[in-house]
Amino acid sequence: MLQEITYLRVSVTDKCNLKCFYCRPDNSEFVPHEEILRYEEIARLVKAMTKYGLKKVRITGGEPLVRPQLEELVRMLREIPEIKDISLTTNGITLAKHAEELRKAGLDRLNISIDSLKPDLFYQITKGKLEDVLEGIKVSKELGYDPIKVNAVIVKGLNEDEALDFVEFGAEYGVEVRFIEMMPIGGELINWSEEKVKPLDEIKQKIEEKYGKLIPSISIGSGAARVYKVPKLNTKIGFITPMSNPFCDGCSKLRLTAEGHIKLCLRTDEEIDAKPVIRNGTDEELDRFIKKVLIEKEISNQKIIKSGYAFSDCRRIMTSIGG
Ligand code: SAM
C-alpha cells in the first residue's frame, strides 16, 4: 500500500528580500520567470495529491511575500475542500502590508522567522529591520491568526544567549517560539560547519533551569517540532532537532520547489521534475506521476533511515527549497 502524503511545502519563489548567511549565499542565481510554476499549476498538483491524503499546505520561498498576488494562490487552495490547513512561512518584513488580504483569502496560520531580538544582530544576520517584522506580528495578531509561530535558527556563538529572551518574547507577544538547529543545506556554499550547530537539548536545559520542567504539549500543525508548555509563563515553545535528534521515521512530507521539482527529503538532493506533467499532462498522467513519487518517497525514507539520517549531496540552497 502507498504511504499517505499529508503535508506539502510549496515554494512560490526562490527570491528573497533578506540575505541570511545560512540560507542564501551572495552569488545565488534565480530561476527564470517562465520556469516558475504558475498558481493554477500549483493548485492543480495540490488537488491531484489530495487523493493520496494531502491535507496541509505550507506556502514558502525564498520569501513568498515577494511574489505578487499571493492571495490568489491562497484562494485557489482554499477552494479545495480536502485541504484543511493552509499556512505561510515568511520573514515578516512586508507582512504588515499583506496579512489582511491573505487572511481574507483564507490563510489559516503563520510561521515567522526571527533569529535575533537584538536589532543590530538581526540586521547582521539578515540585512533587514527587526521592527518591520514585529509590526507584522502585531498586525497579524489583531487579524486573528492563531497560533503564530516564530522560527529561530540557533547558531552557536551567535544567538544562543537569546534563548530565554525568546521564551519571554513568546509570552509577551502571544506567539509560539520554535528553536531550530542549523542544517548543512547548501553545503560549503553557506559555510556550514558542525561547530555552528547548537544542540537544542542544552537550550532546553537552560530554559528549565529558569522556568522549571517543561511540560510536553501539542500544537496545531506542529509537524517536526517537539512542543512544550513553559511553566509559570502562558506560552508554548518547540524544538526542531534535525541534527541532534532526527525525526524522519514515518515522514509524510514532500516539498515542491518554485520551478516545479518535488524534493523527497531535505537530507539529499534527490528530486523529481513535476513541471512537464503538471503543465502538459492529462489527469491520468498526473495521477500516475504522483503514485511514482510516493513510491520514490518511501524508498528515499528507507535509505535515509539506513544511512543514520545523514545529510548527503545537499547542494541546493535553502532559499531555493523553502525550509
Ligand atoms: N523567507 C521565509 C522565511 O524566512 O521564513 C521562508 C523561507 S526560509 C528558507 C524557511 C525557514 O528555513 C526559515 O525559518 C529559515 O530560518 C530556515 N532555514 C534556512 N536555512 C536553514 C538552515 N541551513 N538550517 C536550518 N534552518 C534554515
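Points to keep in mind about this one:
- Dipole check for segment 7-321: with +1 at the C-beta of Lys and Arg, -1 at the C-beta of Asp and Glu, and the Cα centre as origin, the magnitude is about 760 Debye.
- Gap separating the Cα centres of segment 93-117 and segment 177-211, nearest whole Å: 25
- Within-14-Å neighbourhood charge of Lys291 [Cβ basis; K, R +1; D, E -1]: -3
- Among the trypsin sites (Lys or Arg not before Pro) in segment 194-293, those located in a DSSP loop and surrounded by at most 11 other Cβ atoms within 10 Å of their own Cβ are Lys213, Lys232.
- Applying a 4.7 Å Cβ-Cβ cutoff to the chain, the cysteines left without a disulfide-compatible partner are Cys16, Cys248, Cys251, Cys265, Cys314.
- For the chain, the normalised intensity computed at q = 0.11 Å⁻¹ comes to -0.67 (log10 of I(q)/I(0), Debye sum over alpha carbons, equal scatterers, no solvent).
- Euclidean distance between Cα centres, segment 34-50 to segment 214-275, Å: 22
- Cα-Cα over 31 Å, subset of Lys141/Lys229; Lys51/Lys104; Lys141/Lys210; Lys232/Lys303; Lys141/Lys303: Lys232/Lys303; Lys141/Lys303
- Applying the Karplus relation 6.51 cos²θ - 1.76 cosθ + 1.60 with θ = phi - 60° to segment 17-23 yields 3J(HN,Hα) values of 8, 10, 9, 5, 4, 8, 10 Hz, where x marks Gly and Pro.
- Range of Cα positions in segment 192-262 per principal axis (Å), largest first: 46, 33, 22
- Percent breakdown of C-alpha pair distances by 5 Å bin, ordered from the shortest bin, for segment 172-323: 2, 8, 15, 17, 17, 14, 12, 8, 5, 2, 1, 0
Only the coordinates and a few stated rules stand behind these numbers; no lab work does. In this text, all values refer to a predicted model and were calculated from it rather than measured experimentally. Don't worry about glycine lacking a Cβ; one is built from the backbone with ideal geometry, like all the others, and counts go over all protein chains shown.
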